[in-house]
Amino acid sequence: MNINYESTSAERMCDELLKEFIVQGRLKLNQLLADDKEVNKSWINIKGKRYLTVATLMKVLRDKFNHHLILKSEIKHDCEHRVIIEATLFHKRGFFLSSGLAERWKDPKSTNMQKSKAIECCQTAAWGRCIKSLFAVGNVVATADEIDKYNEVDINKEIDEEVQ
């Protein structure tokens, strides 16, 4: 294996362009996180921490890279009780950029959407982790437990309000 690989000028230019788009994306996401008007639009507050929504991450990814990147999802494990999905981001030329892994427990009868729609929620979470890994923005990465507890509390509150 040749470890003294010399890149071409075209490869170096592509690398610099990718770096610039990542920096621009990171700046945009940090601006959104700092803007209190973006709460429940671009980010949500969970226990005093700001978490970017996957929709926001995907929008910034598309705005900065157009369709030059490919986001692939692969089910790593799927059984009656849980699902694990890995999302991987590639440049259209085939080289790896980032990945993210998510796990969700299944319960089709649950009122918690994270459990009743486990595959969809797991894929979305894997996408978010993958894109966030590329941009390396913010100081938090949501865990399944935090999101599940947040959603369960939210759903239970809605049910209580409907019953009253």
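Along the Cα→Cβ direction, 7 angstrom out, place labels at PHE90 and SER9. What is the inter-label distance in nm?
3.0 nm
For a protection proxy built on the mean count of beta-carbon atoms within 10 angstrom, sort 125-138, 99-112, 64-77 highest first, please.
Descending mean neighbour count gives 125-138, 99-112, 64-77.
Please report, in cubic angstrom per residue, the volume enclosed by the convex hull of the alpha-carbon atoms of the range 29-95.
Cα-based convex hull of the range 29-95, divided per residue, equals 122 Å³.
Over what distance in Å are the Cα centres of the range 22-57 and the range 72-113 separated?
22 Å
In the range 52-86, which residues have a backbone nitrogen under 12 Å from the label point lying 7 Å from LEU17's Cα in the Cα-to-Cβ direction?
In the range 52-86, the label zone of LEU17 (backbone N under 12 Å from the point 7 Å along Cα→Cβ) covers 65-69.
Modelling each spin label as a point 7 Å along the Cα-to-Cβ direction, I'd like the ASN30/HIS81 distance in nm, to one decimal.
For ASN30 paired with HIS81, the spin-label model returns 4.3 nm.
Every number here is computed from the coordinates shown, using simple stated rules; none is lab data. Since the model is a prediction, treat every value here as computed from it, not as a measurement. Heads up, the Cβs are rebuilt from the backbone with ideal geometry, glycines too, and the neighbour counts pull from every protein chain shown.
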